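Engineer: The structure's right below; bear with me while I get my questions together.
The values are calculated or read from the model by the stated rules, or taken from the named source; none is laboratory data. Remember, predicted model here, so these are calculated numbers, not experimental data. Virtual Cβ from ideal backbone geometry, glycine too; neighbours counted across all protein chains shown. We work out accessible area using only protein heavy atoms, side chains counted, and drop any ligands, DNA or RNA first. Shrake-Rupley method; radii C 1.70, N 1.55, O 1.52, S 1.80 Å.
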Amino acid sequence: MLHMEPKDYTVVRIEGEYAYLCADNAPADEALFIAMALLPAEVDVGTRLHYEMFSYTIIE
């Protein structure tokens, strides 16, 4: 069974249709490369996101 634990990320860069997310407590050079289509429409550089159950939500 696939187990994906919840994580918080910050959008550190956007290039075209892709965003780079850096997990809390992770070095910036370990950014995750994600298609913008999988993220909430309001996402911009600096947006904080919570990942859980294959879904990203914006942290207020």
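Engineer: Which residues, taken from the stretch 16-60, are among the aromatic types (Phe, Trp, Tyr) and within 18 Å of Met4 (Cβ to Cβ)?
Structural biologist: Hits for the stretch 16-60 are Phe33, Tyr51, Phe54, Tyr56.
Engineer: Please name all residue pairs, on different chains or six or more residues apart, with Cβ atoms under 8 Å, provided the first residue is in the stretch 1-30 and is within 17 Å of Val43 (Cα to Cα) and the second residue is open to solvent by 70 Å² or more (accessible area, probe 1.4 Å) and in a loop (DSSP other than H, G, I, E, B).
Structural biologist: These pairs meet every condition: Val11/Asp44; Val11/Val45; Val12/Val45; Arg13/Val45; Ile14/Asp44; Ile14/Val45.
Engineer: Please enumerate the residues belonging to the stretch 26-44 that are at pLDDT below 95 and small (Gly, Ala, Ser).
Structural biologist: Matches in the stretch 26-44: Ala26, Ala28, Ala31.
Engineer: For the stretch 26-53, give me each residue that is aliphatic (A, V, I, L, M), under 9 Å from the mean Cα position of the chain (by Cα) and open to solvent by 50 Å² or more (accessible area, probe 1.4 Å).
Structural biologist: Passing the criteria: only Leu32.
Engineer: In addition: One residue is enough: does the stretch 8-25 have a residue meeting the conditions part of a loop (DSSP other than H, G, I, E, B), open to solvent by 40 Å² or more (accessible area, probe 1.4 Å) and modelled with pLDDT under 95?
Structural biologist: Yes, the stretch 8-25 has at least one match.
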